[in-house]
Amino acid sequence: MNPLGNIKTIAKRELLAYFSSPVAYVFIVIFLLLNGFFTFMVGGFFERGEASLANSFFTWHPWFYLFLVPAVGMRLWADERRVGTLELLLTMPIAPWEAIVGKFIASWLFLGLALVLTFPIVLTVNHLGSPDNGVIFAAYVGSWLMAGTYLAVSCITSAITRSQVVSFIISVVACLFLILAGFPPVINLLQSLTNNWQWLVDVITSFSVITHFEGFQKGVLDSRDILFFLSVIGFSLFTTSVILRTHRTS
Amino acid sequence: MIKVENLTKIFGAKRAVDGVSFSVERGEVLGFLGPNGAGKSTTMRMITGFLPPTSGKITVGGFDILEQPIPAKKLMGYLPENAPAYTDMTVYGFLDFAAEIRGLRGAAKKAAINRAVELCFLNSVLHQNVDTLSKGYRHRTCFAQSIIHDPDILVLDEPTDGLDPNQKHEIRQLIRKMGEQKAIIFSTHILEEVDAVCSRAIIIDRGRIVANGTPAELRRKSEWAGAVTMRVNGQAANAVQEKLNRLRAAKKVTTATEGGKVTVTVYPRTAGDGDLTREVIEASSGWQVEELRTEEGRLDEVFRSITMPDTTGKETR
């Protein structure tokens, strides 16, 4: 069978499994509630009087994802190992990378669905004013890519351990690094610590999802930003495959 | 169909599997016996391509499992130890997934699922979630997954573990029937299963093959094989023992007295040629013999004597 068919089969099973347990519904409801609360209450959507979603809506996403995406990703491999289905999966006539990509895509699509369900906010802002919908679309793309990046990191941590809790904690810390590396207070701290070695600060901040997400929020689909997210995803999935292989050989 | 040559697997300092070689042809059911931790599961995991061997070569249907894993895996169905299954799906959903990943689509997929469901008696739980199933049903669900594509080769790790006696019987019947057209390896530590199902058995201990033969051949390794047991009324135990001890074919004689009757067992020097039985019958003329039988040999005794050469349990290596 072709790789695409295998990936599709794996992804379909994974998605079905999401929706046959309460995890998916709980996740979506919490994600939407958080978005609503932060946009209107904390972000001051109405007070701003801007026909834009950048500062009131998208600005919170890196922080929501910090906790929510590891919660989605933690079971991906940890559970397969704990229950023993990993043995089943890897003795089926598929290549391991097809399983890794298939499972990743299923979770990523799920996160995409949660993101799409925030559409009422787009309708609201269009009803109240005339925003640039191109900018909003770009920001959505960026948000989804960022979610995928967190998810890929969670894939690694999920492959490391049998325990979902351990996986969750490690991946929150790893994702926190991805955020903080571009957080202004941290950048200032880095500059004073490194005696203003700008190149070192630049290297570290270039790993931050916030820096790369900013462009999308302004409506700029910069290929470098897209490349950053996709390469972190690619690297993380590759690392996952190495970890899974190491488990089997040792 | 399966050929294993010099297979070795080392975990850290432990040789889990150590130079194992054997082959299984179509129409054979190979029983894999051994104490816990002998290396049965590890060997099966290597055959099915889950674990890579440290050294050695495995070919499945002519395909090397390391070099051409996908065509090799296509030929195989595998029931891992403890029968894992995706708990967050229904039985039907799980089998649907298994059929699809084996490349079955549409009507062929449906037919395959129905066939597996029927063979494994899963009709009543078809739309139940796997995590609500009893152990027996879960086991059979995973078993159904392994036969869904009607593979030429089946690797079953303890297929009857955790089943009740009726279910055990059903699964054994199924394995024996399928064994007529397939090559099957299954592991067990229930010795009666070897007799019920296998055409050949391998006993493995501490990673090495210590016996390989048909169940009858294995049984003949027992000191019981060919022994004659007789119950005699009205004779003194030591007189009986003395007389039988003088027989040329007798190696050892044991007696037990109960209520004036002597039960005597005569062990043969060589099993299986019938000399001992004839000599015992001749020697017993004039005795009041109530019972006389020839032992076939006992698998459990063979198993114990092969896998526990010394009872002190000292660590080898």
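Quick check: from the Cα gyration tensor, does the range A:123-250 come out rounded (a/c under 1.5), prolate or oblate?
oblate
When the Cα centres of the range B:15-31 and the range B:87-103 are compared, how far apart do they sit, in Å?
The range B:15-31 and the range B:87-103 have Cα centres separated by 30 Å.
Which value in Å does the Kirkwood hydrodynamic radius of the range B:228-295 take, with 1/r averaged over all unlike C-alpha pairs and then inverted?
11.7 Å
May I ask which residue of B:Ser187, B:Leu292, B:Tyr137 lies farthest towards the positive end of the charge dipole of the protein assembly as shown, with charges of +1 (Lys, Arg) and -1 (Asp, Glu) on Cβ and the Cα centre as origin?
B:Leu292
Treating the angle as unsigned and between 0 and 90°, give the value, to the nearest 10°, between the Cα long axis of helix A:23-37 and the longest Cα principal axis of chain A.
Helix A:23-37 sits at roughly 10 degrees to that axis.
Report, to the nearest 10°, how far helix A:3-20 tilts away from the longest principal axis of the Cα atoms in chain A, using its own Cα long axis and a range of 0 to 90°.
The answer is roughly 70 degrees.
What's the center-to-center distance, using Cα atoms, between the range B:231-259 and the range B:165-214 in Å?
Cα centroid of the range B:231-259 versus Cα centroid of the range B:165-214: 38 Å apart.
Specify the angular offset, from 0 to 90 degrees and rounded to the nearest 10, of the alpha carbon long axis of helix A:223-249 from the longest principal axis of the alpha carbons in chain A.
Between the helix axis and the principal axis of chain A, the angle is about 30 degrees.
With unit charges on the beta carbon (Lys/Arg positive, Asp/Glu negative), name the residue among A:Leu193, A:Asn35, A:Pro93 whose Cα is farthest towards the positive pole of the charge dipole of chain A.
Of the options given, the answer is A:Pro93.
Considering only the protein assembly as shown, what is the antiparallel percent among its DSSP beta bridges, to the nearest 5? Before the final figure, lay out each step's value.
Working: 40 of 58 bridges.
Restricted to the protein assembly as shown, the bridges split so that about 70 percent are antiparallel.
Once both labels are modelled 7 Å past Cα along the beta-carbon direction, what's the B:Trp287-A:Lys218 spacing in nm?
Going from the B:Trp287 label point to the A:Lys218 one covers 10.6 nm.
Counting only other chains, what is the mean number of Cβ atoms within 10 angstrom of the Cβ of each residue in peptide A:79-90?
Numbers: counts 3, 2, 0, 1, 8, 7, 7, 3, 11, 15, 4, 7.
That average works out to 6.
Where the Cα atoms of chain A are projected onto their three principal axes, how long is each span, largest first, in whole Å?
57, 49, 32
Take every Cα pair under 8 Å in chain B that's 6+ residues apart, average their separations, divide by the length, and report that relative contact order as a whole percent.
Values: 621 pairs, mean separation 60.6, N = 317.
Worked out over chain B, it gives 19 percent.
So for the range B:228-295, averaging the separation of alpha carbon pairs under 8 Å that are six or more residues apart and normalising by length, what relative contact order in percent results?
Details: 116 pairs, mean separation 32.2, N = 68.
Answer for the range B:228-295 is 47 percent.
Compute for the protein assembly as shown: radius of gyration divided by Kirkwood radius, i.e. Rg/Rh, restricted to C-alpha atoms, rounded to two decimals.
So for the protein assembly as shown, dividing Rg by the Kirkwood Rh gives 1.17.
Please give me the summed charge of the neighbours of A:Gly102: other residues whose Cβ is under 11 Å from its Cβ, Lys and Arg +1, Asp and Glu -1.
It works out to a net charge of +2.
Sum up the charges of everything whose Cβ sits under 15 Å from the Cβ of A:Ser231, counting Lys and Arg as +1 and Asp and Glu as -1, but leave A:Ser231 out.
-1
Using the Cα centre as the reference, give the magnitude of the dipole from point charges on the C-beta atoms of chain B (Lys, Arg: +1; Asp, Glu: -1; all else neutral), rounded to the nearest 20 debye. Write out the running numbers ahead of the final one.
Numbers: 43 positive and 40 negative charges, 107 e Å.
Approximately 520 debye in magnitude.
May I ask which of B:Lys40/B:Lys251; B:Lys110/B:Lys135; B:Lys40/B:Lys135; A:Lys8/B:Lys177 have a Cα-Cα span longer than 32 Å here?
B:Lys40/B:Lys251; A:Lys8/B:Lys177
Could you please state, rounded to a whole Å, how far the C-alpha centre of the range A:1-20 is from the C-alpha centre of the range A:135-204?
One Cα centre to the other: 28 Å.
Any read-out appearing in this document is the output of simple, stated calculations on the displayed coordinates, not a laboratory observation. Just so it is clear, the structure is predicted and the values come from calculations on it, not from any experiment. In this analysis, Cβ positions are derived from the backbone assuming ideal geometry, glycine residues included, and neighbour counts consider all displayed protein chains.
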